[in-house]
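The values are calculated or read from the model by the stated rules, or taken from the named source; none is laboratory data. Since the structure is predicted, the reported quantities are computational estimates derived from the model, not experimental observations. Methodologically, a virtual Cβ is constructed for each residue, glycine included, from the backbone with ideal geometry; neighbour enumeration extends over all protein chains shown. Ligands, DNA and RNA are stripped out before the accessible areas are found, and what is left, the full protein with its side chains, is counted by its heavy atoms. Shrake-Rupley method; radii C 1.70, N 1.55, O 1.52, S 1.80 Å.
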Amino acid sequence: MERPDYERLRWRCIRRALLELDITLTRFLDDGFDKLNEAQQQAFVELADMEDYDLWDLLTGKEETDDPRLAPIVAMLRKS
Amino acid sequence: MSIPVLKFDAVIVGAGGAGLRSAIQLSEAGLKTAVLSKVFPTRSHTVAAQGGVAASLGNSEEDHWHWHMYDTVKGSDWLGDQDAIEFMVRKANECVVELEHYGMPFDRTDNGKIYQRPFGGHMSNFGEKPVRRSCAAADRTGHAMLHAMYQRNVKANTQFFVEWMALDLIRDEAGHVVGVTAMEMETGQVVIFHTRATIFATGGAGRIFYSSTNAFINTGDGLGMAARAGIPLEDMEFWQFHPTGVAGAGVLITEGVRGEGGILRNSSKERFMERYAPNAKDLASRDVVSRAMTTEINEGRGCGVNKDYVLLDITHLDPNTIMKRLPGIREIGLQFAGVDCIKEPLPVVPTCHYQMGGIPTHYSGRVVTPQNGDPNTIVPGFYAAGECACASVHGANRLGTNSLLDLLVFGKSAGDSAVEDLKAGKAHRELPKDAAEKSLARISAIDNRKGGANVHETRLAMQRTMQNHAGVFRFGDLLKSGVDKILEVEKAARQLEIKDKSMAWNTARTEALEMENLIEVAKATMLSAEARKESRGAHVRDDAPDTPEFPNGRNDKEWLKHTLFNPVDNTISYKPVNMQPLTVETIALKTRSY
C-alpha cells in the first residue's frame, strides 16, 4: 500500500469513536497488517470504514459476516 | 508565505453532539457555516454515550424541571452555577422533542411516548425517590443522536471539513476572535478560516490520564487553543472517574458486573471493600469504591509486577450467568486484559471518564474571561459548548445523562447566541497581519527540531504523572510533587520532534500538535487540583477529610468558588459561584449525601 494511503488508513484506525476500536485496530496495524496480502489489506480497509458499533459487534462475535473476504480478517482481529 | 483564507460567517470546531447541534442553528438561520472535524462526524466520541439524555418530560411518572435542577445542583456539590443549571433543565424538554423531530429513534412506551428510565442521582420531589427521566435509544443514544443531527445539517447545507485539525484561535488586537487556523490532513496545507463567529465544541481531554475511558481523539484541542490565546481554564481539577476500567487499556467494565456479584480483591485475594463499606461492600457508590481501590494500591496491596491494579473477580459466578447477564464482558477481558474472566479475575483501576471543567462560558454559550475586575467579560466572537466548555452546570461532579443534555442545550444556545450577534450586523473584522504565524511557527518547529522529545514518550510521561499524582483520590504531597513533574513534562512537550516530515497524512505531526494541547490541560488540572485545599464532588483530598465542621471535607466558607487557571503565567484566580437562579429561589447549601 502506498504511504499516503497507509497513513490515511492509520488515522482512520487510531481515531475512532470507541476506545475499544482505537486499541484493537492500532494493535492490528502495528502487528498484523504488514503480513496481509493486497486483497486482505483491502478487506481490512473495508472493515475500518464501517460504523464503530457495527465493527465492534463483528469483533465481539455479536454479529457474523458471511462475506468470504472479510471473515478471515475478522477472525484475525478477534485474536489480535 | 501566503496562506489561503476561507471566509465564513461561522466556524464550528468539532462535529460531536455540541458542534452538530450549534451548526443546525446557524445553517438554518441562513448563515454560511463551516464545521471542522478531525474525523467523520459520526465517528465523534459522542457515539460512545450509551446512557441517555435527561429531560423531565414526565412520560412515565410525575416529574418537574425544578426537581431536575435540584438534583443537578446537589450532584455538582453546589459548585454548579444555578442560573446555568436552571437554564439547562428548563430547555431539556424542548431539545429532546426537537431531536425527535429530527428523526431520533427514541425508545417508546406502549402509547407512543418517549420511554424514560431511571438513572443514578435523578430523583423526584427534591431528592425523595428515584424518577424515570432518561430518554434513550436502546444503548446507542449518542450514536443515534449524531446521525439524526448530521442528516439535519446536510439538509441545512452546513459545510463539513472532514479530517481537518484546527490549530489556533485568531484574536485581533482588541481581543475579538476572528477565526481559526486549521490544517487539512490530506495535504498538510494550513488555511485561515476568517469568521464572524467561532464556536468550539471539541469535547474533553480525558487522554491526559494513563487510564481513561475516552477514545484517543479526546485530546483537548479546544482547551489547548483557548489556553494559547490567553483564555483561562475553569475548574480543571474536577474529573469524573469510573472505578472499573481494564488496567492498561481503560476500557469500561460496566457496574453491572459488581451488580451481578463481582468482588474486588487485592494482592492477597482479600475482599477489601468489606473494610471500607461493610454494608454495601462492592456495591458502594462509585467514589467510595474508587477511593478504596486507590488506597489499596497506594498502600502496596495492588496486584501485578508494579502492584498498580486490583482484581475484579467473577470466577465464582456460573459461566452461563456471565454469558447471559453480562454480554460482552468476557470478550472485553480476553481482548484487553488477555484474561478469560470465567477462569481468572480481571485487572482493573479507577479510570478517568469525564471532564467537568473547561473554557469558561455564560449559559448563552458566549465565552467569558476576567477583564478589568469583571470575571465574566464576554470575549467577542467566541463561543463554546459541550464537554470542552464550563457553563458551569456540572460543577464538581456530573450526573449521568446530563452530558448529552449539556451538549444539546448549550450547543443550541451557543448557536442561537452567534445568530443573534451576527444578525446584529457585525461585519468581518480585519484579520491580523500575523494571523497564521503562530501556527506556522509551531508546525515548523516540530518539523525541523533535532534532538527534541519523542511524542509517544512525552505523552506517556504526562499520563503517568497525572494518574499517579492527580488521580481519583488525591494527596497533598503527591499533588505538590506532581506540579514539579508536570512542569518538567511541559518542557519536553514544548520541544517535540518527529521523524516523518511529509506533508500528506502526517499522523506523527498531528499527534505532536495534539500533545501540545494535552499538556495545557494536564498542567491546568494539576495546578488547579494542588491549589484547592478542600474536598468537593470528584476532587477528593486525603488531607481534607470528612469532619463535623467540614462534612465530606467540603469547606464552603473558603472554597465555594470557581478556579480560573491562567495558562500564560501559570497563576490561579477564583470567581464566585452564581447561586442565583433565573426565576426560582436559590437551592441552599447542604451536605451532599445519597
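Just one of the listed residues (B:Gly248, B:Gly302) is under 26 Å from B:Leu326 (Cβ atoms) and open to solvent by 20 Å² or more (accessible area, probe 1.4 Å), and it is B:Gly248.
The residue of the range B:186-234 that is nearest to the other protein chains (Cβ to nearest Cβ), among those that are charged (D, E, K, R) and surrounded by fewer than 24 Cβ atoms within 10 Å (Cβ to Cβ), is B:Glu186.
Among the residues making up the range B:127-168, those that are over 11 Å from B:Pro41 (Cα atoms), in a strand (DSSP E or B) and touching a residue at least 24 places away in the same chain (Cβ under 8 Å) are B:Val131, B:Arg132, B:Arg133, B:Ser134, B:Cys135, B:Gln159, B:Trp164, B:Met165, B:Ala166, B:Leu167, B:Asp168.
Which pairs turn up if I take residues in the range B:546-558 that are surrounded by fewer than 18 Cβ atoms within 10 Å (Cβ to Cβ) and look for partners that are hydroxyl-bearing (Ser, Thr, Tyr) with beta carbon separation below 7 Å, at least 6 apart in sequence or on another chain? Within 7 Å, the pairs are B:Pro551/B:Thr591.
Among the residues here, A:Glu46 qualifies as charged (D, E, K, R), open to solvent by 10 Å² or more (accessible area, probe 1.4 Å) and more than 8 Å from chain B (Cβ to nearest Cβ). So is A:Arg69 facing chain B (nearest Cβ under 8 Å) and of a type in the set (D, E, K, R) or not? Taking the combined requirement at face value, the residue does not satisfy it. B:Gly411 satisfies every condition listed in (1) in contact with a Gly (Cβ under 9 Å, 6 or more places away or on another chain); (2) buried (at least 24 other Cβ atoms within 10 Å of the Cβ); (3) more than 14 Å from B:Ile199 (Cα to Cα); (4) of a type outside the set (Phe, Trp, Tyr) except (3).
Here is a check on your reading of the model: is B:Val310 over 24 Å from B:Ala49 (Cα atoms), within 28 Å of the chain's Cα centre (by Cα), β-branched (Val, Ile, Thr) and away from chain A (no Cβ under 14 Å)? Answer is yes for this residue.
The number of residues in the range B:74-127 that are under 23 Å from B:Gly358 (Cβ atoms), of a type in the set (D, E, K, R) and open to solvent by 10 Å² or more (accessible area, probe 1.4 Å) comes to 5. For the range A:30-38, check the following and say yes or no: at least one residue is within 14 Å of chain B (Cβ to nearest Cβ), surrounded by fewer than 15 Cβ atoms within 10 Å (Cβ to Cβ) and under 22 Å from B:Asn218 (Cβ atoms). Scanning the range A:30-38, I find at least one residue that is within 14 Å of chain B (Cβ to nearest Cβ), surrounded by fewer than 15 Cβ atoms within 10 Å (Cβ to Cβ) and under 22 Å from B:Asn218 (Cβ atoms), so the answer is yes. Of the residues making up the range B:492-506, those that are touching a residue at least 40 places away in the same chain (Cβ under 8 Å) and within 14 Å of chain A (Cβ to nearest Cβ) are B:Ile498, B:Lys501, B:Ser502, B:Met503, B:Ala504, B:Trp505, B:Asn506. Taking the conditions (1) facing chain B (nearest Cβ under 8 Å); (2) crowded, with 16+ Cβ neighbours inside 10 Å; (3) assigned to a helix (DSSP H, G or I); (4) of a type outside the set (D, E, K, R) in turn, A:Pro4 satisfies each one other than (2).
Can you pull out every residue in the range B:550-594 that is in a loop (DSSP other than H, G, I, E, B) and of a type in the set (S, T, N, Q)? Scanning the range B:550-594 gives B:Asn555, B:Asn570, B:Asn578, B:Gln580, B:Thr583, B:Thr586, B:Thr591, B:Ser593. Pairs linking a residue in the range B:520-543 that is under 19 Å from B:Thr458 (Cα atoms) to a residue that is of a type in the set (Lys, Arg), with Cβ atoms under 8 Å and 6 or more positions apart or on different chains, are B:Glu520/B:Arg228.
Among the residues of the range A:49-66, write down those that are open to solvent by 40 Å² or more (accessible area, probe 1.4 Å), of a type in the set (Asp, Glu) and either under 11 Å from A:Leu21 (Cβ atoms) or more than 11 Å from chain B (Cβ to nearest Cβ) (or both). Residues satisfying the conditions are A:Glu51, A:Asp54, A:Glu63, A:Glu64, A:Asp66.
Could you count how many residues in the range B:262-286 are in contact (Cβ under 8 Å) with a residue 60 or more places away in the chain and surrounded by fewer than 23 Cβ atoms within 10 Å (Cβ to Cβ)? Total meeting the criteria: 2. Is it true that B:Arg592 is at pLDDT 95 or above, of a type outside the set (A, V, I, L, M, F, W, C), surrounded by 13 or more Cβ atoms within 10 Å (Cβ to Cβ) and over 17 Å from B:Thr361 (Cα atoms)? For B:Arg592, the condition - at pLDDT 95 or above, of a type outside the set (A, V, I, L, M, F, W, C), surrounded by 13 or more Cβ atoms within 10 Å (Cβ to Cβ) and over 17 Å from B:Thr361 (Cα atoms) - is not met. Within the range A:13-25, is there a residue that is more than 7 Å from every other protein chain (Cβ to nearest Cβ) and open to solvent by 20 Å² or more (accessible area, probe 1.4 Å)? Scanning the range A:13-25 turns up no residue that is more than 7 Å from every other protein chain (Cβ to nearest Cβ) and open to solvent by 20 Å² or more (accessible area, probe 1.4 Å). The helices (runs of 4 or more DSSP H) found entirely in the range B:1-118 that carry 2 or more residues being of a type in the set (Val, Ile, Thr) are B:65-75, B:82-102. Looking across the range A:65-80 at every residue that is modelled with pLDDT of 95 or more and over 12 Å from the mean Cα position of the chain (by Cα), the one that is nearest to B:Gly333 (Cα to Cα) is identified as A:Thr65. Taken over the range B:462-481, the criterion of being out of contact with any Asp or Glu (no Cβ under 8 Å at 6 or more places or on another chain) and in a helix (DSSP H, G or I) is satisfied by B:Met462, B:Gln463, B:Arg464, B:Thr465, B:Met466, B:Gln467, B:Asn468, B:His469, B:Asp477, B:Leu478, B:Ser481.
Just one of the listed residues (B:Lys129, B:Lys113) is among the charged types (D, E, K, R), modelled with pLDDT of 90 or more and farther than 26 Å from B:Arg592 by Cβ, namely B:Lys113.
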